[in-house]
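As structure tokens, the structure follows; a few thoughts come after it.
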Ligand code: NAD
């Protein structure tokens, strides 16, 4: 049977409300009781001490709705004000200390220190094998851990060669590197001798890593897929920003987690932006990376190439307007995929919603900023985002409304190992790089001495 909730602070209901010995739930700033109750027992007497509300799931929904509504305002309250409110809370609790607590525990000197976690399993993808592998290995070792590194089977060569050059600088066993087939990753994530997994790869695999690591409660850091939006404001100068936009979109031939994948352009400058991008795309040579004229190389592997082909089939089936589709070398069996720009494809298309890991990009026209920000944020990913324009105040305002771990202004896809990289939503868990990234390779230990 459903519990009946009573909002006891609503004037005329106040008197009628039957509260359970004065213990209420708080929902949306109001005291709430329920038709059903839970009994709280004093273990010293084995007798009932009090009763508290036993709410139903509808009241949980109400509380979650209230917390969601309150979030946008509370997050905008300056930290100094939040601190003042929380201090008043502590003071209020202090006023009732005698009732709330039987004793006071005075802690003396407290020391916080960071200790290494143990054996780190580092798993990296194929798109930036050296940077992403050693971006894990170096801080893990610095913190005092030992490492087992598994690069992607598609791109292990430079990583193996570097490991071979440097391994004798470290004591044996401190840095290990392994390559193997499809079973190796799951063996690492489930291995009881490994204490932490630091993983970079797709969101799909990241979820499997988390699931597998849960069995032994390994610490886990996940850097996953992205579907980064870029918002071009009406005061941007299209011809000035076009090259940087193009490079941000087609970085690594579009095989970048943080490449700009969905571009939202104000209607006043839409045609100038798209014309500039098409001009750059037409002049961009796709080919073998060893040719000095080449600007964009091949797709890295057959699996990825096939995925892109099926995305292209889906685009054709959808009837989406193609703004530009470039050429590829024909005298080779290399995995070259044409640079492709789409003109306002429907927001709900699979190739807009999902991460497209290759040289296919969508450009959208927007009328007003609220609409652009809503569409930019309407994704399950939250790795990076950018805003492009001239007015510094407006750039900052829009940046603060975008939902992603890194927001760039007039640039995109710039990473610095000293700056923390984190993600919103399904783009990851935890932090990599910077001081915060280093700390993820550590336990925090507190030593508290009695005064
Ligand atoms: P992937 O998830 O297929 O593979 C990543 C690594 O995990 C590889 O070494 C692979 O062998 C291994 N692996 C595969 N299955 C596993 C399993 N079940 N358990 C453990 N390990 C397993 O990713 P990919 O195709 O190599 O890389 C492309 C993806 O990586 C894209 O989604 C991209 O956005 C993402 N990425 C993210 C970042 C970031 O910083 N967030 C950086 C680069 C790439």
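At a glance:
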item	result
Percent of beta bridges antiparallel (DSSP, region 149-268, rounded to nearest 5)	0 percent
From the C-alpha gyration tensor of region 159-317, square roots of 5λ in Å	39, 21, 17
Label-to-label distance, nm, for residues given as residue 92 and residue 160 (7 Å Cα→Cβ offset)	6.4 nm
Fraction of beta bridges assigned by DSSP in the chain that are antiparallel (%, nearest 5)	40 percent
Gyration tensor (Cα) of region 389-433, equivalent ellipsoid semi-axes in angstrom	22, 13, 7
Computed FRET value (nearest 0.05) for residue 275 with residue 48, which takes r as the C-beta separation and R₀ as 60 Å	0.20
Sites residue 374 and residue 306 - FRET efficiency at Förster radius 25 Å, r taken between beta-carbons, to 0.05	0.15
In degrees, nearest ten, helix 302-318 long axis to first principal axis of the chain (Cα)	90 degrees
In degrees, nearest ten, helix 270-282 long axis to first principal axis of the chain (Cα)	50 degrees
Theoretical gain in end-to-end length, residue 293 to residue 344 [0.36 nm per residue, Cα-Cα removed]	15.2 nm
Chain lengthening between residue 418 and residue 138 when straightened (0.36 nm per residue, less Cα-Cα)	99.6 nm
Degrees between helix 57-76 axis and first principal axis of the chain (Cα, 0 to 90, nearest 10)	70 degrees
Residue-averaged 222 nm ellipticity for the chain, from DSSP H runs of 4+ at -39500 (n - 2.57), nearest 500	-11000 deg cm²/dmol
Alpha-carbon Rg with Dmax, taken over region 200-268, Å	17.3, 55
Distance (nanometres) between label positions extended 7 Å along Cα→Cβ at residue 216 and residue 316	4.7 nm
Region 307-391 - share of DSSP beta bridges that are antiparallel (%, nearest 5)	50 percent
Two-decimal log10 I(q)/I(0) for region 27-141, as the Debye equation yields it once each C-alpha is a single scatterer, q = 0.16 Å⁻¹	-1.05
Bins of 20 Å from zero: percent of alpha-carbon pairs in the chain	19, 43, 30, 8, 0
Residue 403-residue 38 pseudo-label distance in nm [points 7 Å out on the Cα-to-Cβ vector]	3.0 nm
Sites residue 268 and residue 435 - FRET efficiency at Förster radius 35 Å, r taken between beta-carbons, to 0.05	0.25
Rg to Rh quotient for region 45-109, alpha carbon positions, Kirkwood Rh	1.11
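Readers should treat all values here as calculations from the given coordinates under stated rules, not as data from a laboratory. Remember, predicted model here, so these are calculated numbers, not experimental data. Cβ atoms come from the backbone with ideal geometry, glycine included; neighbour counts cover every protein chain shown.
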